[in-house]
Amino acid sequence: MKRHGDDIHRGYDECVLVETGHVFKSIHAIPQTFLHEFEGELRATVAKEIVDSSPKVDTDWDNHAVLVHYGLEGPLEVDPDPEGAATGS
């Protein structure tokens, strides 16, 4: 992954923009929560497939949609019966 320039960034400090693909290039945002520096390079701790399935970034991108994709924002879903103890009768 190659870090993309600031021309599209527009103040979304929670994410870093990366360019993926060799022939069909696209730009995606990765929240800084999932980035760590290792030997002078930023490394993502999420799978490439997760990045590839994230919303694509263009000049008018939705930071909230990116954070929801990575599970950092949005509704919290709680299983009311995680042990399966409830009975149908």
message: Can you name every one of the strands (runs of 3 or more DSSP E) wholly within the stretch 26-89 that holds 3 or more residues which are surrounded by 15 or more Cβ atoms within 10 Å (Cβ to Cβ)?
response: 26-31
- prompt: In the stretch 49-89, how many are small (Gly, Ala, Ser) and modelled with pLDDT of 85 or more?
  reply: 4
query: What tally of residues in the stretch 12-25 results from selecting those that are not in a strand (DSSP E or B) and not small (Gly, Ala, Ser)?
result: 7
field: Considering residues of the stretch 1-48 that are polar (S, T, N, Q) and within 20 Å of Ala65 (Cβ to Cβ) only, the residue modelled with the lowest pLDDT
entry: Thr20
- request: Find all pairs meeting these conditions: Cβ atoms under 8 angstrom apart; at least six residues apart or on different chains; first residue within the stretch 63-77 and over 14 Å from Val51 (Cβ atoms) and free of Cβ contacts under 8 Å to residues at least 60 places away in the same chain; second residue part of a loop (DSSP other than H, G, I, E, B) and aromatic (Phe, Trp, Tyr).
  value: Asn63/Tyr12
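The values are calculated or read from the model by the stated rules, or taken from the named source; none is laboratory data. All figures in this text were calculated on a predicted structure; none of them were measured in a lab. No Cβ is skipped: glycine too gets one built from the backbone with ideal geometry, and neighbour counts run over all protein chains shown.
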